[in-house]
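Single-structure report; data block below.
We did not get these values from a lab; they are worked out from the coordinates using the rules stated. These numbers were taken from a predicted model, which means no experiment stands behind them. Virtual Cβ from ideal backbone geometry, glycine too; neighbours counted across all protein chains shown.
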2 protein chains.
Amino acid sequence: MNYSLEDISKVLKAAREAKGLSQRTLSNLAGIPQSHLSKIENGSVDIRLSSLIQLARSLDLELKLVPMKALPAVESIIRSVHSPGDRTSGPRPAYTLDDEDE
Amino acid sequence: MNYSLEDISKVLKAAREAKGLSQRTLSNLAGIPQSHLSKIENGSVDIRLSSLIQLARSLDLELKLVPMKALPAVESIIRSVHSPGDRTSGPRPAYTLDDEDE
DNA sequence: ACACGCGATATAGTTTTCTATATCATTTCA
DNA sequence: TGAAATGATATAGAAAACTATATCGCGTGT
């Protein structure tokens, strides 16, 4: 449930592959050496926050600090975005938050 | 919305204060020197992912990589969790963590 | 006034990321 | 066949986090 260093690297790698990017291409996008990118994806380095953010941005991901209390709902949303037809199991979108605030 | 280094530190600081913890107390909880904690909250260091995760956990926060597509919904949920009368935790164990030593 | 807890800051030493660059083993494809 | 692209790995140096420890100024309460 809680993810740690390795989980993050898995997410990053999966996101890169989902976008069909090679490490070298992403390397250029994010301004990070390919050699280092490899280490990051292998979870063999404890990257700095700036690197993570930079990398995430290049992959259309955004880093968020989520209160534990909100975690289930957040994960549900993220899952539903990953698999846009997901009705295999799940609490119906009880979270119909078409909010418009701000 | 997109947050960067400084925003993260603000969130961390706000979370700590919301829990009524001093830097020194959190320092013990998270295993991070108070002096370093201060720098982190001031955004004067580019912390490592492990530090961030560690710190987040101590504050009942969880780090998530959110697809941009899901961001609005996620942010809405997060807002609704710590919004107006923010109780931040209903069943709040009256932890008397005045652990200390020194 | 004095002690206390608070956050900020200083020094110095250790550890590690991060960089640039190059190479390697596979796989893919013309 | 072999050229090209892939991810993994190596070396060496630079920069910065992280540590322990101590101190400082400020506010608060006794």
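The slack in the chain from A:R79 to A:L29, taken as 0.36 nm per residue of separation less the alpha-carbon distance, amounts to 15.4 nm.
For a 25 Å ceiling on Cα separation, which of these pairs sit above it: A:K69/B:K64; A:K19/B:K39; A:K19/A:K64; A:K19/B:K13; A:K13/B:K13; B:K19/B:K69?
A:K19/B:K39; A:K19/B:K13; A:K13/B:K13; B:K19/B:K69
Placing a label point 7 Å from the Cα of A:L29 along the Cα-to-Cβ direction, the distances to the matching points in the other copies come to 3.7 nm, shortest first. Between copies, the label points at A:H82 (set 7 angstrom from Cα along Cα-to-Cβ) are spaced 2.5 nm, reported in nanometres from shortest to longest. As a rough footprinting exposure proxy, the listed residues A:L55, B:L26 were ranked by other beta carbons within 10 Å of their own, and the order from fewest upward is B:L26, A:L55.
With the simple spin-label model, which puts each label point 7 Å out from Cα in the Cβ direction, the B:D7 to B:K69 separation comes to 2.1 nm.
Cα convex hull of the stretch B:1-65: how many Å³ per residue?
It is 78 Å³ per residue.
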